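Below is one structure; the comments refer to it alone.
The values are calculated or read from the model by the stated rules, or taken from the named source; none is laboratory data. Source: prediction; values computed, not measured. Don't worry about glycine lacking a Cβ; one is built from the backbone with ideal geometry, like all the others, and counts go over all protein chains shown. Just the protein is used for accessible areas: all its heavy atoms, side chains included, with ligands, DNA and RNA removed. Shrake-Rupley method; radii C 1.70, N 1.55, O 1.52, S 1.80 Å.
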Amino acid sequence: MHELKTLGWTISEWQTAYFNNEIQLDILKELVKALDPNDVAWISIVSPNVLEQQIQSLTQLAQDAEDLKKQFPLYGVPFAVKDNIDVAGFVTTAACKALHTIATQDAETVRLLKQAGAIVIGKTNLDQFATGLVGTRSPFGAVPNSFKPEYVSGGSSSGSASVVARGLVPFSLGTDTAGSGRVPAAFNNIVGLKPTKGRFSNRGLLPAVKSIDCISIFALTVADAELVAQQAEAYDAFDSYSRPHPKNVPARFSSKLKFAIPKQLNFFGDEQAEKAFQQTIQLLESLNAEITAIDFSAFEQLAAQLYQGSWVAERTAAVADLLKSNADDFDPTVLEIVQQGEKYSAVDAYNAEYLRMDLARKIQDSLAEFDALIVPTAPTIYTIEQLQQHPIEYNAHFGIYTNFTNLADLSALALPAGFRADNLPFGISLIAPAWHDAALIHFGKAWQNYLALKLGALDKTLASNAPTLVSPHHIRVAVVGAHLTGMPLNFQLTTRDAVHVETTKTSQDYALYALNGTVPPKPGLARQSNGKSIIVELWDVPTARFGEFVAEIPTPLGMGNVELEDGRWVKGFICEPYGLGDAENISHFGGWRAYIQHRNSQAANTAN
């Protein structure tokens, strides 16, 4: 394709261009015309008619919008969809040419993204029926690595990763059962978000392993993945595996980072990958992260179950009808794998589930004291030719640090981590308990900002003006006194998985009072004219824990709304007027901590 000015744009760059009237929706027609129909990453490119329908639908909706940015956070942003996910007007092939029915409805996740303003411009290539981590098991061709075409792109979401890495779209949808949303991210130097199972609806997804499939997100930046995830997240009552967010998990990792890594690491003789991972760990340690090697045997045992046990029968069940009628249309390696499921009994399946639960419990317990497990996303990389010689064995190598994740009900984020000596990208994955997606994202943004690597296979780096999003599952609270870090009641926050976000000040319309007779000593914050800016800490409290936190607030204090110096309003401690009658105005100290230091100093002088 000839180069367009939109090549390599992030979502924020698309947004800025639209809202500054630098581009109009018709630019998407130019983009689609410029796409190479022979590009193996695409299985189908949007037709002019389907593209026009999407543009007209968005145009009509936008005419009634009171706040275009707020109502359409993905306004006019093009994206690609892995071709095992339904998009209205496209055939869903799952890389099997026997499937040729045009979808009449969008998958629910696609519908939500379109509702936010995004436009689908194509369906992408994949390992057939999402069975593989290599990107070579497709009758539509093997998708090459974005840096060195003789190497694999990773799979099964090969095409979705490729079109993002090359800047054709700012984000795409993949799927992740065994690592398909992470391995291609690592091999193409992009971000891969594997959400908690059930966070995104799978309705409209042709399943690989229905009980553990996740629709995933590829993006050039973590901030873009976060924005897309917020639009895609919704409980779907019509998807039996959908789950509502519990709203009881931390928004960030702990202030003192604690990471686990496998005690037993296997790179299959790839010294460059091993050195790249060692350098990553050294970098984390230089950032004062505490790294602990843990026993990895339960992870390895669970990872092996996905292809070497009766779990493969779920793949067989997903394509059972096609196996009977169209076995000749299967990729030979995929056919070999899914036929293995026919040899397992119901007893085998139940025993496999019991083993999964036992191992998942061990894994979750082993990770309980850490913020996340850090692993190489893939331990090595192979050429397309090497994969053709050893299609099953080498594919299995790619999955040793990914296969267990969904079976153990964990969340994960694949991040670029630099380049190997041979100039191929290297990536790491952070793996955390279910619903810790926001904490992963927060760390991922900081990591990407710190490394400042090039984005994908593009000659551009991360912009510093990415927007900061507030988590919809947490309530931001301003604390001003005994709940500050290091103060006596701070435990009421930390024991509820609240995390410190920032230290800032109120607007100049507040006064701070030292209340009489409170144990431990507490201040009262009151809004008044001709006041001062008072130092506060902002904490994100899980929504499900907010009520019990507020229940512990004693009279005359309460929870209300506090204005910050930059104009934001957040929840915060306020004081009833009757509690201020005999209280000392200590506003001139600027904050509670300075007042306590002053009081302690006076007490020490008196004692001497």
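Observations on the model:
- Residue list for region 362-383, restricted to those being in contact with a helix residue (DSSP H, G or I) (Cβ under 9 Å, 6 or more places away or on another chain) and either in a helix (DSSP H, G or I) or closer than 23 Å to T131 by Cβ (or both): K362, I363, S366, V375, P376, T377, A378, P379, T380, I381, Y382
- Candidate set: region 93-110, residues that are aliphatic (A, V, I, L, M) and not in a strand (DSSP E or B); chosen: the one surrounded by the fewest Cβ atoms within 10 Å (Cβ to Cβ): A98
- Sole residue being surrounded by fewer than 24 Cβ atoms within 10 Å (Cβ to Cβ), at pLDDT 95 or above, closer than 27 Å to A457 by Cα and in the same structural domain as S44 (by the TED database), chosen from F79, F72, F140, F90: F140
- Flag for S146 being farther than 23 Å from Q105 by Cα, under 21 Å from the mean Cα position of the chain (by Cα) and either part of a loop (DSSP other than H, G, I, E, B) or of a type in the set (D, E, K, R) (or both): no
Residues are listed down the side, and each one gets a yes or a no for (1) over 32 Å from the mean Cα position of the chain (by Cα); (2) at negative phi; (3) in the same structural domain as V536 (by the TED database); (4) not in a helix (DSSP H, G or I):
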| residue | (1), (2), (3), (4) |
| --- | --- |
| V550 | no, yes, yes, no |
| G567 | no, no, yes, yes |
| I574 | yes, yes, yes, yes |
| A594 | yes, yes, yes, no |
| Q602 | yes, yes, yes, no |
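- Residue in region 287-302 that is within 30 Å of E108 (Cα to Cα) and open to solvent by less than 20 Å² (accessible area, probe 1.4 Å) present: no
- Residue in region 573-585 that is surrounded by fewer than 16 Cβ atoms within 10 Å (Cβ to Cβ) and closer than 30 Å to R252 by Cα present: no
- Filter result (free of Cβ contacts under 8 Å to residues at least 40 places away in the same chain and over 28 Å from E502 (Cα atoms)) within region 570-608: Y578, G581, Q602, A603, A604, N605, T606, A607, N608
- Residues (more than 29 Å from G141 (Cβ to Cβ) and open to solvent by less than 50 Å² (accessible area, probe 1.4 Å)) located in region 28-58: I55, L58
- Region 228-284: number of residues that are surrounded by fewer than 16 Cβ atoms within 10 Å (Cβ to Cβ), under 27 Å from V501 (Cβ atoms) and touching a Gly at 6+ places or on another chain (Cβ under 8 Å): 1
- Pairs, first within 22 Å of A225 (Cα to Cα) in region 2-26, second in a helix (DSSP H, G or I) and basic (K, R), C-beta under 7 Å, six or more apart: F19/K69
- Against the conditions (1) of a type in the set (V, I, T); (2) within 21 Å of the chain's Cα centre (by Cα); (3) under 13 Å from A94 (Cα atoms), T131 satisfies every one except (2).
- Among the residues of region 6-23, those identified as of a type in the set (F, W, Y) and either crowded, with 18+ Cβ neighbours inside 10 Å or modelled with pLDDT of 95 or more (or both) are W9, W14, Y18.
- Elements of the type helices (runs of 4 or more DSSP H) sitting completely within region 1-72 and holding at least 1 residues that are acidic (D, E): these cover 11-19, 27-34, 48-63.
- Checking each residue in region 327-344 for being under 10 Å from V312 (Cβ atoms) and either outside the structural domain of T316 (by the TED database) or open to solvent by less than 30 Å² (accessible area, probe 1.4 Å) (or both) picks out I337, V338, G341.
- Residue match in region 365-373 (condition: under 14 Å from the mean Cα position of the chain (by Cα) and touching a residue at least 24 places away in the same chain (Cβ under 8 Å)): yes
- For region 385-398, a residue qualifies if it is closer than 23 Å to S429 by Cβ and either touching a residue at least 60 places away in the same chain (Cβ under 8 Å) or among the acidic types (D, E) (or both), and the qualifying residues are L387, E393, Y394, N395, A396, H397, F398.
- Test: residue in region 164-175 that is open to solvent by 10 Å² or more (accessible area, probe 1.4 Å), among the aromatic types (F, W, Y), under 29 Å from L4 (Cα atoms) and modelled with pLDDT of 95 or more: no
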